[in-house]
Amino acid sequence: MAVLVAYASAMGSTQEIAQHIADRMAASLEGVECRSVDGVESVSGYDAVVVGSAIHNQSWLPAADQFFARHASELAKRPVWAFNVGMADALPKPFRKKGAALQQARLAGVLPQDLALRGHRMFSGVYKADQMSSALRTLFRLTGGRFGDFRDWTAIDAWTDEIAAQLATPASPTSPGSAAA
Ligand SMILES: Cc1cc2nc3c(=O)[nH]c(=O)nc-3n(C[C@H](O)[C@H](O)[C@H](O)COP(=O)(O)O)c2cc1C
């Protein structure tokens, strides 16, 4: 079972999540590789693909967009899972859940139409004070925003184990454009 975990990361936290997912999968599956989306020439040699991207301005990073566009036809032939890494848990509490759900829907909505995701998760990443101007930083803090490393490794491990378990059992049918948990 050849599995590709591909990532697009600006500051490194998505790359670390991708590597963690690949390492954990490799404990139960052979042939797991973790690579930057930029370094993937073809996905045809993989049985399954997991793609992760940081979120910038409510969007996939351009490198992830290009990855989906470049490999659309091959991705459509194999099981694909996707994850995005954002700042939901850094937001003031009332905005966290709803904001994350809206953003997840938006991010899934721009994927190629014939790509049937087997799953799509949002994870919080690392959000640092120096990623904002000082005026915005003050406003963000005053309204209950937080800075820090919000990666939930327990949730990431649980999702990884779900994927590994699905890959270890016969494929279940998916419909184009559907996004599972
Ligand atoms: C310029 C910029 C824009 C961002 N825009 C969003 C956004 O729209 N939504 C979100 O949830 N997080 C946003 N973030 C937070 C990042 O996605 C988060 O810090 C993530 O952990 C970065 O991943 P990386 O370390 O792999 O680059 C933004 C961060 C930066 C620097």
Residues LEU102 and SER42, FRET efficiency given R0 of 25 Å [Cβ-Cβ distance, rounded to 0.05]: 0.15
Global geometry of region 3-167, whether rounded, prolate or oblate, following the gyration tensor of its Cα atoms and the 1.5 cut on a/c: prolate
Top positive-direction residue, dipole computed over region 3-167 with Cβ charges, set PHE95, ALA8, LEU115: PHE95
Relative contact order [Cα under 8 Å, 6+ residues apart], region 109-154, whole percent: 48
Cα-based reach from LYS93 at 13 Å (exclusive), listing aspartates and glutamates while leaving out same-chain residues under 8 positions away: none
Value of relative contact order over the chain, rounded to a whole percent, pairs C-alpha under 8 Å and six or more apart: 22
Label point distance in nm, HIS56-SER134, each placed 7 Å from Cα along Cα→Cβ: 2.5
Portion, in percent, of the accessible area of the chain that falls on carbon or sulfur, probe 1.4 Å: 53
Beta bridge orientation in the chain: antiparallel %, DSSP, nearest 5: 15
Under the span-like rule (Cα at least 15 Å along the axis, Kyte-Doolittle mean at least 0.0), DSSP H helices of the chain: 153-167
Nearby aspartates and glutamates by direct alpha-carbon distance to LYS128 (threshold 14 angstrom, same-chain neighbours under 8 apart not counted): ASP89, ASP149
Charged-residue dipole, Cβ positions (Lys, Arg, Asp, Glu), the chain about Cα centre, Debye nearest 20: 880
Label-to-label distance, nm, for residues given as ALA2 and THR154 (7 Å Cα→Cβ offset): 3.7
For ARG121, residues with placed amide H under 5 Å, excluding near neighbours: ALA82, PHE83, ASN84
For the chain, built as a Gaussian network whose Cα springs stay under 10 Å, the top-fluctuating residue of PRO79, PRO94, PRO112: PRO94
Solvent-accessible heavy-atom area per residue, rounded to whole Å², over the chain at 1.4 Å: 51
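The values are calculated or read from the model by the stated rules, or taken from the named source; none is laboratory data. Everything numeric here is computed off the predicted structure, so don't read it as measured data. With ideal geometry, Cβ positions are generated from the backbone for all residues, glycine too; neighbour counts draw on all protein chains shown. What goes into the accessible areas is simple: the full protein's heavy atoms, side chains included, and nothing from ligands, DNA or RNA. Shrake-Rupley method; radii C 1.70, N 1.55, O 1.52, S 1.80 Å.
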